[in-house]
Amino acid sequence: MPLAADRRVKILERVAEGASLQVGELARQFGCSEMTIRRDIQRLERDGFLRRTYGGATAHLTRDLDVAFNARSLANAPAKRLIGLEAARLLGSARTVFVGIGTTAEQFARYLPSRPDLTVVTGSLPIAGMLGTRPSRGVVLGGTIRRDELSCIGPAARATLERYRFDLAVIGTGGLSARRGLTDLNDDEAEINRVAVERSERLMVIADGSKLGQVTPAVVAPAAAIHVLVTDASAPLDELEQLRALGIEIVIAAPGARRHGEPESSTGAQLQAEAIRE
């Protein structure tokens, strides 16, 4: 029987695919009781991932399930998983890593190798919770918690960051353009990313194609500060070419993932198969 967290992820994936969810069917699929599935759905609803609506047959949890305020976790979910997989492959020998917030960063954290010599510093409470049971060392920033993102901001969070030097910073973004650089929606979170970038040897940005060419209010860093961009095949080609001209290594995360402009390889497909086996 899968772990509770794995069951809930798979339930969310079914919702993202628009599938009808039936308690009995899910219980048989996961080899557990219907009561366990109902508790999973109640937990997802409590945590803000789902909202149940009533009026249909109670045995069918919907088309009766609507995505609530955490809808971003399901937006472009397949692309984000592939981006997270490919970015984790690119970790290399980095031993001290900053990981930003957001749903793509959570996918990256999910596929990080279990290395005892790895220290991961993050302001994301979901990521910190995910890493807490692994052999690697996890450090959460602390400070003020933003309720909508479950992220750490403010002076205390910054003070923790300033105690570290990072081999690699891995962050998502509200927007990325060759002209305007990395931008975010909220300046408190942008400030945390700014400090992490300043204290890192290398910067990897992970963002699905919908973020490229976009500009949001809070500036994080110029595009030229990026060493590697991991995105998906929906990214606009003109923007990719402009970013590549700045010296940024571009990796397309897809089945048969490849660096932009290079021949296709089987790396992405292999990683996808590994994810399915987990």
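Stretched out fully, how many nm does the piece from Ser93 to Asp187 gain, at 0.36 nm a residue minus the Cα gap?
30.7 nm
For a quick check of your reading of the filter: which trypsin sites (Lys or Arg not before Pro) in the stretch 99-203 sit in a DSSP loop and have no more than 11 other Cβ atoms within 10 Å?
Passing sites in the stretch 99-203 are Arg147, Arg163, Arg165, Arg179.
Order Lys211, Lys80 by their accessible area, 1.4 angstrom probe, all chains in place, largest first.
On the way: Lys211 55, Lys80 15 Å².
Result of the area sort, largest leading: Lys211, Lys80.
From the protein chains alone at 1.4 Å, what is the descending order of accessible area for Arg28, Arg95, largest first?
Largest accessible area first, the residues go Arg28, Arg95.
Once you charge only the Cβ atoms, +1 for Lys and Arg and -1 for Asp and Glu, what is the size of the charge dipole of the stretch 136-250 about its Cα centre, to the nearest 20 debye?
Using Cβ point charges on Lys, Arg, Asp and Glu, the stretch 136-250 gives about 360 debye.
If you take the Cα Rg of the stretch 192-240 and divide it by 2.2 N^0.38 Å, with N the number of residues, what do you get?
Its radius of gyration relative to the 2.2 N^0.38 Å reference: 1.18.
The values are calculated or read from the model by the stated rules, or taken from the named source; none is laboratory data. None of the values given here were measured: they were computed from a predicted structure. Here Cβ is always computed from backbone atoms with ideal geometry, including for glycine, and neighbour counts include all displayed protein chains. Keep in mind that these areas ignore ligands, DNA and RNA; they rest on the heavy atoms of the full protein, side chains included. Shrake-Rupley method; radii C 1.70, N 1.55, O 1.52, S 1.80 Å.
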